[in-house]
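Below you'll find the structure, written out as structure tokens, and then a few comments.
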Amino acid sequence: MSLPEPDIDAQIEEFFQRNLRELEADRGHALAPGVRATALNQVKLYYRRLQEIADKVTDTEVKLSLPGQHTPTGRPFTIEGVVDIVREKDRTVLYDIKTHDAEEIRANVGDYAKQLSIYAHIWQGLRQERLDETAVICTRYPRSVEQALTVGDDAGLTKALAAWEPVIPVPLEGQELSDLVREFGETVDLIEEHHFAAPELAVLQSTPPGLPSRFAVSVCRNCDARLSCASYREYARYSSAGTESAFRQYLDDVGDEDEVEDLRLAALEEAPPAIDD
């Protein structure tokens with residue numbers, strides 16, 4: 001029997017807070033209040049929108065591993081992933097949960113297909129179990145849902161949730177497994193050899209398929225290394241018309257007003273208590 005919706009929300013919040021406390025204790029830092037609220041809303045709305053799938057999950061947080069691989073230069077590495085499995089009648093579906101934007105996933109579905117193809121190989125080859133379909137579940141809700149939540153529009157939220165399509169079928173890649181593993185290995189070699197080539201200025205100025213704004217805003221703003229990145233500095237200088245005061249806004253850019261306030265509150269929560277003299 002399904003729980004009434006208020007009871008489900010209360011139980012989800014209890015589980016969320018418990019997991020959050022464990023993560024914060026393990027990692028030594030807290031989430032900003034706004035980020036915490038957004039994450040909780042994502043979990044609640046994921047269950048509300050996809051309860052039918054959630055209730056059918058037969059294997060949750062299944063750890064998949066492909067050990068014993070080697071990069072082109074001989075470095076050993078292991079490919080690992082965590083997925084959910086739904087077995088229903090004679091069909092088995094593998095779901096990979098992402099916090100990415102749904103439109104970004106749809107626009108770059110080939111990149112996700114490579115990852116899921118490896119997961120499918122592990123499931124079918126090493127576990128000797130049939131797999132009929134793979135899909136990505138996107139937990140980040142669209143702008144229409146966010147707007148309805150912000151203004152408290154229940155009717156608008158119901159309509160926006162009905163229009164939201166968070167499950168994105170991903171056709172398996174036709175590439176050989178060896179080719180997919182080699183691509184992963186090439187990336188491992190680049191990381192280990194400290195080869196971190198930044199995109200060209202033209203990329204930072206563009207809006208790639210699936211992103212809501214320029215690459216420099218959607219991606220670079222979230223990169224802690226942007227201030228030491230030649231491409232980002234070039235982007236800032238080009239966009240600021242060379243004036244020092246305008247240039248500084250890019251150096252100090254850590255998000256919009258809400259994001260800045262979240263960072264400030266998170267820092268206050270993590271600050272050590274004052275010691276009275």
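Just a few scattered comments:
- Which numbered condition residue 45 misses (of (1) assigned to a loop (DSSP other than H, G, I, E, B); (2) surrounded by 15 or more Cβ atoms within 10 Å (Cβ to Cβ); (3) modelled with pLDDT of 85 or more): (1)
- For residue 78, the conditions (1) among the β-branched types (Val, Ile, Thr); (2) in a helix (DSSP H, G or I); (3) loosely packed, with under 12 Cβ neighbours inside 10 Å are fulfilled apart from (2).
- Members of region 109-128 found to be open to solvent by 60 Å² or more (accessible area, probe 1.4 Å) and farther than 19 Å from residue 178 by Cβ, listed by number: 127, 128
- Look at region 195-224: where a residue is touching a residue at least 60 places away in the same chain (Cβ under 8 Å) and a partner is of a type in the set (Lys, Arg) and surrounded by 13 or more Cβ atoms within 10 Å (Cβ to Cβ), sitting 6+ places away or on another chain with Cβ atoms under 8 Å, you get 210/106.
- Some residue of region 129-141 being part of a helix (DSSP H, G or I) and either modelled with pLDDT under 90 or over 22 Å from the mean Cα position of the chain (by Cα) (or both): no
- Of the criteria (1) closer than 30 Å to residue 177 by Cβ; (2) open to solvent by less than 60 Å² (accessible area, probe 1.4 Å), which one residue 61 fails: (2)
- From the list 199, 272, the lone residue that is at pLDDT 55 or above, of a type outside the set (Val, Ile, Thr) and either surrounded by 15 or more Cβ atoms within 10 Å (Cβ to Cβ) or part of a loop (DSSP other than H, G, I, E, B) (or both) is 199.
- Residue within region 83-90 that is β-branched (Val, Ile, Thr), part of a strand (DSSP E or B), open to solvent by less than 70 Å² (accessible area, probe 1.4 Å) and in contact (Cβ under 8 Å) with a residue 60 or more places away in the chain present: no
- When we screen 30, 54, 39 for residues that are surrounded by 13 or more Cβ atoms within 10 Å (Cβ to Cβ) and part of a loop (DSSP other than H, G, I, E, B), the only hit is 30.
The values are calculated or read from the model by the stated rules, or taken from the named source; none is laboratory data. Remember, predicted model here, so these are calculated numbers, not experimental data. Glycine gets a Cβ as well: all are built from the backbone with ideal geometry, and neighbour counts include every protein chain shown. Side chains included, ligands, DNA and RNA excluded: accessible areas come from the protein's heavy atoms. Shrake-Rupley method; radii C 1.70, N 1.55, O 1.52, S 1.80 Å.
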